Amino acid sequence: MVLTEKKCFEYETIHEGENKILKIPLERCTFPPSIEYSDLCMAKVVDALLEVSGVTIINLSQLREYEYDYSQTHLLIELSLLYKRLNKDERLAYSHLVIDPLHERYIRGSYAEFQRIISKLLKEDPLAAYITLKRLEVREKTKLNNLIDERHLVSQHKFIEVLLAVIQEMEKLKIIQQLMPHTKEEYKLGSRDIYGNIFHPTTRPDFMYTKLILEFPEGNLEESYQFGDGEDKCDVNIFSFDNNIKTMFHLTPPEFRFTEEVYELLDDAKRIMSEHKPTREEFVDPQRMREVFFNIGKDLLNDLIEHKKLKLSDDKVNQLAQALLRYTVGFGLIELLLSDPKVQDVNINAPNGELPIFIVHQDYGDCYTNIYPTRQEVDSWATKLRLISGRPLDEANPILDTELKVEGFTSRVSAITAPLSPLGLAFSFRRHRDYPWTFPLYMQPKIRYMDTLAAGLLSFIIDNNATILVAGTRSSGKSSLLGSFLVEMSRRSRIITIEDTFELPQEAMRALGYNVENMKVAGALSAPGSEVDPSIGIRSTLRLGDSAIFVGEVRSKEAIALFEAMRVGAAANVVAGTIHADSPYGVYDRVVNDIGVPKTSFKAIDIIVTTNPVISGLKKYKRVLRITEVRKQWDEDPLKEHAFVDLMVYNPKTDQLEITDDLINGNSEILKRMAGKIKEFAGDWDAVWNNIQLRADYKQAIVDIAEEFKDDQILEAEFVVGANDMFKLISDRVKDKHGTLDSSRILFDFKEWLRKEVRSRVKEESF
């Protein structure tokens, strides 16, 4: 139903899935769009509910939209049904109550008050109606003492019985039951603040589709912080609860600090902008498209500002243009959530509009939010992802994997739809760090993903061209760990990355001076199309010259090609990838039994690094759990034939990776094989061990000096890459000068350089 000129409170009903929404535009009304704070608004809504049945959601709009969910709507439906019964009940009629005409002078005033309560006050302020009825009951009972005539007494008793019957009916109302506990506080008859305890509408401006609950929950405030720049700062409040294990992430976006005239401005701009929908060709380059639409929006806003004779600063116009961009061609509040550096995952579940957005927070783990996306918005996200990726998302192809790149963050996106998700669209956005993870970042005390010696061991393994698989379950940190391996690579090496959805930080690596070629292949679940089969992509790398190969994730038949690359590249280059498995044998089972890689090819793996979350109470922490070498002398079952030899194993009691006897005693065939190719290490296990320890010590020195100077940027890739280069240069200088890799001298010289470099940074920043 489309209405052009709506009068005040000219409502309509619309159906969204299983919901029947009572939609009431109040732009032409003088009262506020609030059931809780406006008696007139509450009364009008009750009147509408008397005329419309089956309503599950109430939506009021006046510059912003206010939506009351089923539980709140049900309170008013129950109230409207009682109102209807009472006002049609002949037993409450004046003629039925007054038996004796002489009693009329005793009851006329009280009955008029009674009628006002049940015909007017009940739908405007049910709590006040209930309390006023209770007071009327007390007064009418007092009158019994002054009545002598039996006929007067009969009429008065009958009136009191009616009062008691209505009071009892009102006491059954859930709205009264929920409000009464709050009357023990400072409640004044007629005050509407008390309704704020039970009515919490989700809110959004008209230019947004997403709904928010702005009121804070009754819980324990764990933390408050902001992210963003200038006026674009977002407020975040984290709440826990005494009687609920859930944690709430409450976001207040900058748009909710706008004035009403700014809301009108954005509404007008969005209506005009919506006339120009981006084409498929424009979505091929999303960054360019966003630049174009930002400039269009900014010009449009300036024209509207001039027309409306408003005065807004250039910074404010830029802020409004960014908001307009988010809610037209962008992904709305998803973009703000992913701009929070502490948010790791954003999940939207079906059915859309009924459930909040869920996130994974780096400090608080799984949280629910105060944000409810509408079906209209979710549908628009699906359309945009189809255009950005060039991949289908429909009943024939119910899965879509792609990446979303917006200024401020990049994210991997997985979307599913019917029939795989029978209740509708669902999404998972995984945020990538702006820069790669580094070993020193992982080592810092507040993260403790790996310890010092593990960093030294992995550094040695990577530097000596191992073939490595990083194994773990979903959200275990596999891709991030693989990205940190890239930082350990020499900038003299050529690196080829192969992914179906870009997750490895290849752009950041190029910005850091790495020679990186990234290849995009078809996803394992993608429909046949123009994208290259991953196994072909992997084989093609063998024709691209001397290169280290990093495969984003091993899922299917491309594993055969990957192991072929490992066998060819094992002698001279790092070949590494990630795989879903929770143990070394789990990797074998997946690769050989599920995917079909020959057992002999599986032997091409040198090292399996297992990473998974560990649980402590209600919290989860990501940890490297094992560093395992894969020996080659086995025929049928690597587990039974002891081919998996742990070099380091996680101890949950100490929360650390611990060295195994095999490693400390030099019983590592893989490390000995690596050492055999290096003059300084060949046949000398002590030299190998000293070098592993040296690498651990120099990385710990980076962590220590970052802590000393309270500068976490020292742990980031930009600094760590330079430090890794310098470690190699110092090692070569010491070897050339002294003929050996003297660990103590190398570490001393490195620490001297490190302190000088950090002091130089501090000096530059002070200027």
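Points worth noting:
- At 0.890 mPa s and 25 °C, Stokes diffusion of the range 211-337 via Kirkwood alpha-carbon radius, µm² per second: 149 µm²/s
- Karplus-derived 3J(HN,Hα) values for the range 53-69, using 6.51 cos²θ - 1.76 cosθ + 1.60 with θ = phi - 60°, are 9, x, 6, 10, 9, 10, 10, 10, 9, 6, 6, 10, 9, 10, 10, 9, 6 Hz; glycine and proline are entered as x.
- Semi-axis lengths, Å, the range 685-767, gyration tensor of Cα atoms, sqrt of 5 times eigenvalues: 25, 13, 10
- Ellipsoid equivalent to the range 416-458 - semi-axes via the Cα gyration tensor, in Å: 38, 11, 9
- Accessible carbon and sulfur surface of the chain relative to its total accessible area, %, 1.4 Å: 50 percent
- Short-range pairs are left out: with C-alpha atoms under 8 Å and at least six residues apart, the relative contact order of the range 581-636 is 31 percent.
- Fraction of antiparallel bridges per DSSP, the chain only, in percent to nearest 5: 70 percent
- Cut-off under 5 Å, modelled amide H: who pairs with Lys622 long-range: Val614
- Over the chain, relative contact order from alpha-carbon pairs under 8 Å, at least 6 apart, %: 7 percent
- Listed by chain and number, the lysines whose C-alpha is less than 26 Å from the C-alpha of Lys520, apart from same-chain residues fewer than 8 away, are Lys384, Lys405, Lys478, Lys557.
- Relative compactness, the range 162-218, computed as alpha-carbon Rg over 2.2 N^0.38 Å: 1.54
- List Arg85, Arg745, ordered by accessible area with a 1.4 Å probe, largest first: Arg85, Arg745
- Accessible area expressed per residue, the chain, with surrounding protein chains retained (probe 1.4 Å, Å²): 47 Å²
- Close amide H contacts of Thr410 (hydrogens built in the peptide plane, cut-off under 5 Å, sequence separation of 5 or more or a different chain): His432.
- Distance (nanometres) between label positions extended 7 Å along Cα→Cβ at Thr600 and Lys446: 5.3 nm
- The range 581-719: relative contact order in percent, alpha carbon pairs under 8 Å with at least 6 residues between: 12 percent
- Every pair of different Cα atoms in the range 381-426 enters the Kirkwood calculation, which places the hydrodynamic radius at 10.9 Å.
- Each part gets one Cα centre, and for the range 214-240 versus the range 724-767 those centres are 43 Å apart.
- Binned Cα-Cα distance frequencies in the range 255-400 - 5 Å width, integer %: 2, 8, 16, 18, 18, 17, 13, 6, 2, 1, 0
- Rounded to whole Hz, the Karplus (6.51, -1.76, 1.60) HN-Hα couplings of the range 177-190, x for glycine and proline: 4, 6, 7, 4, x, 7, 6, 5, 7, 6, 9, 10, 3, x
- A 1.4 Å probe, protein heavy atoms only, puts the accessible area of Ser34 near 10 Å².
- All-pairs Cα distance distribution in the range 381-477, expressed in whole percent, bin size 5 Å: 2, 11, 15, 16, 14, 12, 10, 9, 9, 2, 0
- Sites Tyr368 and Ser224, calculated FRET efficiency, Cβ-Cβ separation with R0 22 Å, nearest 0.05: 0.80
- Modelled this way, with points 7 Å down the Cα-to-C-beta line, the labels at Asn667 and Arg510 are 4.8 nm from one another.
- Here is the size of the chain from its Cα atoms: Rg then Dmax, 34.4, 124 Å.
- Phi-based couplings in Hz for the range 612-621 (Karplus 6.51, -1.76, 1.60; Gly and Pro marked x): 7, x, 10, 10, 9, x, 8, 9, 10, 10
- Stokes-Einstein D for the range 453-512, Kirkwood Rh over Cα pairs, 20 °C, 1.002 mPa s (µm²/s): 169 µm²/s
- Think of it this way: in the chain, Cys41, Cys234, Cys367 stand alone, with no other Cys Cβ under 4.7 Å.
- Computed over the range 4-61, the range of Cα coordinates on each principal axis works out to 32, 26, 17 Å, biggest value leading.
- Taking amide H positions as modeled 1.01 Å from N, with prolines and chain starts lacking one, no residue 5 or more places away or on another chain lies under 5 Å from Leu393.
The values are calculated or read from the model by the stated rules, or taken from the named source; none is laboratory data. Bear in mind that the values here come from a model prediction, so they are computed numbers and not experimental data. All Cβ positions, glycine included, derive from the backbone under ideal geometry; neighbour counts span all protein chains shown. These accessible areas exclude ligands, DNA and RNA; they are computed on the full protein's heavy atoms, side chains included. Shrake-Rupley method; radii C 1.70, N 1.55, O 1.52, S 1.80 Å.
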